[in-house]
Amino acid sequence: PPPGGPGIPPPPPGAPGAPPMPGFSLFGMAAPLPEGVKAKKKLQTTAKTKRANWKEIDARNIKNTFWMTTEEESLESVVPFHQLEDMFRSKVPKAKVAVVATEHKKTERTVLDGNKSRNLNITLSTIKMPLAEVRQAILEMDYERLGESFIESCLKFAPDDSEVKQLQETKHNTEDLAKSDLFLLELIDIPLLNDRLRHLLFMAQFDSEVKELQPPGRQVVLASKVVKENPAFHRLLETVLLIGNYMNTSNNKKCAFGFKIAYLNQLRSTKAMDGKTTLLHFVAALAVDGKIPEFVTLSQQLHSAVEAARIDLDSVVAEAEVLGRGLTKIESTVKKAKKVKKVEGDKMREKLKEFLEYSQPVIDGLKKLMEQAKTGYVDAVKYYGGKPDDYSGSSEFFGIFKEFTSQFDVCCDEVKKQREAERREAERQALELEKQRKKAEAESKRNRKTMMPDAQGRGFMDDLIQHLKSGDAFGYCVLQSIFLSSFRFSNLCGAAVCLVATPTPISRTCARCVLPVVDLCIHDYLPTQPCTLHLQGSAPSKAPTSSSVVVWKHTK
């Protein structure tokens, strides 16, 4: 009872009571909202849905938060509330579901299994033909009109003997019979129904099956021929054989005459001393460096073998054989149809005969192609010393070529990068050498300038004479021989200055110049300044030549 009601006295004034619910007063009236907060609009719903189980924020606590700025009313025209109600509607009471199910059973009757009836009804909803027309199309063997998927469904849901019996018992009472049952009633009196449906499906799939089997057969034939006859691949095997025998000889092993081609994919397992380069890199370098040009396009030449690696020849041959058996079954049905009473509109026997005339040459050609593929594959395996039993199938054999060409291309790219790095390093070294050469030439030019007369007419020899006059070398006889070659000087004995002691003075006179203290002789100083030498007394052990400068300083 409310406060003050019968039996409960009202609380005394000022006495504390329970706190009111958020947004409501003690008497059920909405509490005033904080300043600036608008009351939310009440939304109109048409069905009860599930709840949004969130934790609500009290309206008194949203001040200065995002929730003060929301304008969700502007989205009412965007949100499809009817879909929201359909998708998240509360569960329908169980009693109501039971009533609906009971009513459904009253409206439709079926002698089939519930799932089979339901699935067949779904299938029938996909074909836009009356049931009678579907029956007629089956009688006429018109697989194009029925469609492959529908024929598959008919074969899947075809009635068994028990269902046929039950359908026959109810064919006079079809008022509340399900559509699936009505459809099967149209079919149960068709002669050889199951055989007919199987042949219809076979005919519908025949062309596509043949088109799927022919390319892989041709691919194996081509790949077998390429790997058996390709000169570049032969050169590769010869190269690997040579390299392998060379390496084995160094280990005191005899030379082999051949090897299983699967070894090609083990070349990268043999590492060089650097731990990075492999034997496959070595072979790839023969292509990159142009030593064996045939290797450059090896991967392109073996492309057909790479494509054949995706083909399981045994499976392709098996599928081709299935097609051949399909024709055999059709021939059997044609014979069987002679003994079966025909119904009105039945054209099965005629249509099957037409199909046999068309398909038999195709199957014969397909069989021949499969034989060529098998023979070519076996010949290729044996050609390289192998046996078909060595491989699980053609895909493993041709997979050797796929893996090898992939690895070979990678190694070729890596060798090309290495060669490019080597080329850049060679260019760098060449530039460095050129820089050093130019530096040496500049230094040589500077040396030549110091030996040529300067602006005052003084040159190397003038400085030398001045040095001798000063007496710096007093007490010695100095012999300096300098070869003149394009104004570049080098000492005769390899040293900078030759100091030779002379026990007896040598007196000389020069036809051009006579010095009082130092007797100086200059012979062929420069080609343009010849000087005649006259010797008196003992001559030095090595007389001056026309290409040398000899200086003697006489001691006291």
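The values are calculated or read from the model by the stated rules, or taken from the named source; none is laboratory data. Just so it is clear, the model here is predicted, and its values are computed rather than measured. So basically every Cβ, Gly included, is an ideal-geometry build from the backbone, and we count neighbours across all protein chains shown. In case anyone asks, the SASA skips ligands and DNA or RNA and just uses the protein heavy atoms, side chains included. Shrake-Rupley method; radii C 1.70, N 1.55, O 1.52, S 1.80 Å.
Pairs to check: LYS271/LYS291; LYS291/LYS417; LYS211/LYS329; LYS165/LYS342; LYS211/LYS336. Give those whose C-alpha atoms are more than 24 Å from each other in this structure. Violating the 24 Å Cα-Cα cut-off are LYS211/LYS336. Residues whose amide H falls under 5 Å from that of ARG109, counting only those 5 or more places apart or on a different chain, are LEU177, ALA178, with hydrogens built in the peptide plane. Taking Cβ atoms as reference points and 10 Å as the exclusive limit, the residues near GLY376 contribute a net charge of +1, counting Lys and Arg as +1 and Asp and Glu as -1. Were the residues from LEU33 through ASP113 laid out at 0.36 nm apart, the gain over their Cα-Cα distance would be 22.5 nm.
Taking amide H as placed 1.01 Å from N in the peptide plane, GLU140 has its amide H under 5 Å from the amide H of LYS347, each at least 5 places away in sequence or on another chain. Distance between the pseudo-spin-label points of LYS368 and VAL296 (7 Å out from Cα toward the beta carbon): 4.1 nm.
Placing dummy labels 7 Å off each Cα toward the beta-carbon, the span from THR328 to THR170 is 4.1 nm.
Using the Cβ-Cβ distance between LYS276 and ASP379 with R0 set to 30 Å, the FRET efficiency works out to roughly 0.15. Given the pairs LYS156/LYS335; LYS276/LYS374; LYS128/LYS351; LYS171/LYS353, which are separated by over 29 angstrom at their Cα positions? In this structure, LYS276/LYS374; LYS171/LYS353 lie more than 29 Å apart at Cα.
Any chance you could check the Cα centroid distance between region 167-231 and region 281-357 for me, in angstrom? Measuring centre to centre over Cα atoms gives 18 Å. Computed from the C-beta positions of SER315 and ALA430 and an R0 of 41 Å, the FRET efficiency is 0.10 to the nearest 0.05. List the residues of region 272-292 whose backbone N lies under 18 Å from a point placed 7 Å from the Cα of LEU242 along the Cα-to-Cβ direction. Label zone hits: 279-292. Stretching the chain fully between LYS338 and ASP389 yields a gain of 13.6 nm (0.36 nm per residue, less the alpha carbon separation). Taking all protein chains as they are arranged and a probe of 1.4 Å, the heavy atoms of GLU432 leave approximately 80 Å² accessible to solvent.
A cut-off of 5 Å between modelled amide H atoms, ignoring neighbours fewer than 5 places along the same chain, links THR278 with ALA272. Computed from the C-beta positions of ILE188 and SER406, the FRET efficiency with R₀ = 60 Å rounds to 0.55.
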